[in-house]
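Coordinate-derived values only; no laboratory data. Just so it is clear, the model here is predicted, and its values are computed rather than measured. Glycine gets a Cβ as well: all are built from the backbone with ideal geometry, and neighbour counts include every protein chain shown.
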Amino acid sequence: MQLLTLGINHKSAPIDIRERLTFGPDIIVAALRSLLEQQAVTEAVILSTCNRTEIYCALAGADKEEIYNWLAAFHGMEVETISPYLYGHEGRDAVQHLLKVASGLDSLVLGEPQILGQVKAAYQTACDAGATRKLLGRLFQHTFSVAKQVRTDTAIGSSPVSVAFAAVSLARQIFSDLSSQTAMLIGAGETIELAARHLHQHGIGRMIVANRTVERAHTLASQFDAYAIALTEIPAHLAEADIVISSTASPLPVLGKGSVESALKKRRHQPMFMVDIAVPRDIEAEVGNLDDVYLYTVDDLDEVIQENLRSRQEAAGQAVEIIELHVEEFMGWLRSLDAFDIIRDYRNQAEQTRDAVLRRAQRLLGSGKSPEEALQFLAHTLTNKLLHAPSASIRQAGFDGQRDLLKAANTLFQINSPRSRKE
């Protein structure tokens, strides 16, 4: 069994490529089922966020190209188009990568906590779809435990740094006093909730929460004395917004150039600051060409984020040490699976031998032999049968001069004679 990770992220691919390879919540179950139909794939988890799309597979073979081809075909793209942006990790490297991802060490924002929840959600979706079994089940449970230890034992998450925090930090640089500004938040997920929390903490004057499901918008808005609207009501309220932060799972833009142009006219061209955190994008790219609009995507936030990372660098080093230790722990378990099959088969063989000898001993008793004779036969015959094959192999190893095999046998059978100690 082979572990494979295949994916793209904010470091390997620009946003226009990333948004074409996302798996939205409406297609991810179908994608998992399609992936499991590939001949080599026995288990799969798909992680798709605004900054990364990654496939974690257990393969009953080494046909990695099959997964590359599937990813391209599923999204209606050519392999040659996406291959320059893809990275792949196998075995130990795949385990290490997942642990780093879940611990926030591979995020746009070092140590950000959201990714662990996203990894858990991706795993749960795969479990519900029947796409995971023993190998990925053990790997992801191990990952969750390690990520928790990293956050508990290091200062990786001590400072409030996230994509949402970076967006709010940039807004504060543009509007020095947020108390007189109105913010419109589009979406009601964890990123938008974090943005709302940061805006509220920094004294935003007013907030509007827009979401496809108005009930969810109301739930979030009620925490921060905000006003909730449906996505269809955005054009009627957009002109009120000085700050727009959007993060939905919509496959199509929810805010177009025409709507923003209309809002600017109503505002008499007072500037609007917009941050589009979503992938695929929520705000049409052409909006960035409008005068009086300052549009930022997740890729544009990198400079802002860098300023908030210094305190996490030392913690990241400590986190890597913890991860390396637990990578080896998991790989040890994975290697033990090979031994498990041998142990199971050897035990079954020994039990069959035992049962056969036991039946012969019972027949001796039935024919009138004494219990002592039957026990002697049982002990002698069983010992000889169990030792015959390994003894023959050890003799042959000695004849062939296979000293490594002889040493291994000494270790395997835990022989502690004076001769073996001398050797």
_Antiparallel bridge percentage (DSSP; both residues within the chain; nearest 5)_ = 45
*Which entries of LYS385/LYS407; LYS64/LYS134; LYS120/LYS257; LYS11/LYS100; LYS11/LYS64; LYS100/LYS134 show an alpha-carbon separation above 26 angstrom in the structure shown?*
LYS120/LYS257
*Would you kindly derive the ³J(HN,Hα) couplings of region 215-222 from the backbone phi angles with the Karplus curve 6.51 cos²θ - 1.76 cosθ + 1.60 (θ = phi - 60°), listing them in order in whole Hz, with x for Gly and Pro?*
4, 5, 4, 5, 4, 6, 4, 5
_Peptides 104-111, 330-337 ordered by average Cβ neighbours within 10 Å, highest first_ = 104-111, 330-337
_Using 0.36 nm times the number of residues separating LYS266 and GLN38, minus their current alpha carbon distance, what extension gain do you get?_
76.7 nm
*asked:* Can you compute the modelled spin-label distance between SER222 and ASP26, with each label point 7 Å from Cα toward Cβ, in nm?
replied: 2.8
*Out of region 282-372, which GluC sites (Glu not before Pro) are coil in DSSP terms and have no more than 12 other C-beta atoms within 10 Å?*
GLU307
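Cα gyration tensor of region 163-305, axes a ≥ b ≥ c as square roots of the eigenvalues: rounded (a/c below 1.5), prolate (a/b > b/c) or oblate?
It is rounded, given that a/c, with a ≥ b ≥ c, falls under 1.5.
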*Against the longest principal axis of the chain, how steep is helix 403-412, in degrees 0 to 90 to the nearest 10, with axes from Cα atoms?*
80
*Compute the long axis of helix 257-266 from its Cα atoms, compare it with the longest principal axis of the Cα atoms of the chain, and write down the angle in degrees, 0 to 90, nearest 10.*
40
*For region 349-379 versus region 18-70, the gap between their alpha-carbon centres in whole angstrom*: 56
*What nm value, rounded to one decimal, do you get for the distance between GLN352 and ALA408 when each label is placed 7 Å out toward the C-beta?*
2.3
*Per the helix-only calculation at 222 nm, which mean residue ellipticity applies to the chain, given -39500 (n - 2.57) for every DSSP H run of n ≥ 4 and division by its residues, nearest 500 deg cm²/dmol?*
-17000 deg cm²/dmol
*Given H placed on each backbone N at 1.01 Å, which residues far from ALA210 in sequence or on other chains put an amide H within less than 5 Å of it?*
LEU185, ILE186, GLY187, ILE229
*Would you indicate which of (i) 183; (ii) 161; (iii) 218 is the value of volume of the Cα convex hull per residue in Å³ derived from the coordinates of this structure?*
(iii)
*Compute the long axis of helix 190-201 from its Cα atoms, compare it with the longest principal axis of the Cα atoms of the chain, and write down the angle in degrees, 0 to 90, nearest 10.*
50
*asked:* Quick check on packing: order 117-123, 384-390, 204-210 by the mean number of other C-beta atoms within 10 Å, highest mean leading.
replied: 204-210, 117-123, 384-390
*Cα-centred dipole magnitude for region 370-413, charges only on beta-carbon of K, R (+1) and D, E (-1), debye, nearest 20*: 220
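Under a Cβ-only charge scheme (Lys and Arg +1, Asp and Glu -1), can you give me the dipole magnitude of region 163-305 about the Cα centre, in debye to the nearest 20?
Computed about the Cα centre, the dipole is about 400 debye.
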